[in-house]
Amino acid sequence: MTLTPISRIALCALVALVVIAVRAMAADEPVIELLPPIESECCYHLGGKARAYYLNDQRIEFTGLEETFAVEGVLDGGIHQEVGDWLVQVEGELFFTQPFDRNVLVDDPVRESFAHNFDIDIVSISQLYLAARRGDWYFAAGRFVTPFGRFYFTNYKNNFDDSPFIRSEVIQFRETGVLAQWDPDNWTFTAALTNGGPNQDTNSSKALIARAGIDQEWFACGASVKVQDGVGSESQKQYNEHYGLDAMLRRGNWTLSGEVILDHYGFRRPGFDPNDITWGRSLYFRDLNKAPLEPIRGVGYYVNLGYEGAAWSLSANYGEFYPEEIGVPEHDTPTRRGLFKASRHWTDYLETYGAVFVENTLDNAFVDHDRRGLYVLAGCQFSL
């Protein structure tokens, strides 16, 4: 296999991380130490994760790819430096994901269109941004965590599909653009101008994302908005905007949180065949058109209860999404998802975990196959 330049760089970085870890362990010292200490004018950090897991996703049984063993990795790091009254930083996070075999079943136009969902980049940029802080002001430019809402659960997949519905199917986990934030006392006001889509933009339209809220250690709440006329160009353009509320309450080891969202989605114009989609289709029929220049609307929410202990991390989650009825039964059916996760911490670095979610079944959804709402994930993770 021929490696691309970015793959070579990422591989070298991963090897360097392993060498550092092995040498530090041999010396009975911490794996990663900040040099110089955090109080000084300049410091750096380096970390990562390695996962091996089993996945059975019955929603995609019609593709023949529902059950697999796989491995993933994460490499993250950054440099912080004080320059006068400013703290400047560079932060990065790379995802390493094992790809699927290339002999994907494409004996039907529907299966062929969904095959693009499984085109996975071996190395991808999860985050890479430059940032600066002075007092209550913070600025960033690059690819960063989406400043829409707040969530308080752990993910164990690089594609974040082990999440509540409105997080895995609606709100993007990462955005690329510029961000400004003012956070006096316990208040947070954030605004960002981003591409709106997952990667580089395919049109000149940009998204405005903003959140205003209160963020404390024991309590948080906020209101968010993402406004954009759509992602993509011409007849392929899809609506991509939503409005949301989030809240969190923490007592000891327990955290209760939730989000609610009003979503606008679907193709802006009629006439585009979803079977012609080449960038990945929705399992929930979100890539349809209601009427010319009119979005499909939907309302969703989830509630999450989490526990963080010395040996165990647990979370129980339930959510629903109610799409606007447009006369397509497969689309108009509400989605109800219950999600449970458990992680056992064996050492400071090693844990085993499991995640299960169950949602309502949709009969004859794809190629005479039901979309059976059962997702099972089990694996182990080593973290630095």
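Counting only residues that are surrounded by fewer than 19 Cβ atoms within 10 Å (Cβ to Cβ) and under 30 Å from TRP346 (Cα atoms), the stretch 284-311 holds 7 of them. Selection within the stretch 200-250: residues that are among the polar types (S, T, N, Q) and under 20 Å from the mean Cα position of the chain (by Cα). The member of this set that is surrounded by the fewest Cβ atoms within 10 Å (Cβ to Cβ) is GLN200.
A Cβ distance below 6 Å, combined with a sequence gap of six or more or placement on separate chains, defines the contacts here; from the stretch 291-309, residues that are in the same structural domain as ARG251 (by TED's automatic domain parsing) and assigned to a strand (DSSP E or B) reach residues that are acidic (Asp, Glu) and buried (at least 21 other Cβ atoms within 10 Å of the Cβ) in the pairs GLY298/ASP263. For the stretch 130-171, what are the residues that are in contact with a Gly (Cβ under 8 Å, 6 or more places away or on another chain) and either surrounded by 21 or more Cβ atoms within 10 Å (Cβ to Cβ) or not in a strand (DSSP E or B) (or both)? If the condition is that a residue be in contact with a Gly (Cβ under 8 Å, 6 or more places away or on another chain) and either surrounded by 21 or more Cβ atoms within 10 Å (Cβ to Cβ) or not in a strand (DSSP E or B) (or both), then PHE148, GLY149, ARG150, TYR152, PHE153, TYR156, PRO164, PHE165, ILE166, VAL170, ILE171 are the ones that fit.
Condition check ((1) more than 18 Å from ASP162 (Cβ to Cβ); (2) in contact with a Ser or Thr (Cβ under 8 Å, 6 or more places away or on another chain)) across all residues:
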position: GLU324; (1), (2): yes, no
position: VAL328; (1), (2): yes, no
position: PRO334; (1), (2): yes, no
position: ARG337; (1), (2): no, no
position: ASP363; (1), (2): yes, no
position: ASP370; (1), (2): yes, yes
position: GLY373; (1), (2): no, yes
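GLU259 fulfils the conditions (1) of a type in the set (D, E, K, R); (2) surrounded by fewer than 16 Cβ atoms within 10 Å (Cβ to Cβ); (3) modelled with pLDDT of 95 or more except for a single criterion, (2). The listed residues are GLN81, GLN89, and the only one of them that is assigned by TED's automatic domain parsing to the domain that holds THR347, modelled with pLDDT of 95 or more, within 24 Å of VAL145 (Cβ to Cβ) and in contact with a Cys (Cβ under 9 Å, 6 or more places away or on another chain) turns out to be GLN81.
The values are calculated or read from the model by the stated rules, or taken from the named source; none is laboratory data. Everything quoted here is computed from the prediction, not taken from an experiment. Positions of Cβ are backbone-derived with ideal geometry, glycine not excepted, and every protein chain shown enters the neighbour counts.
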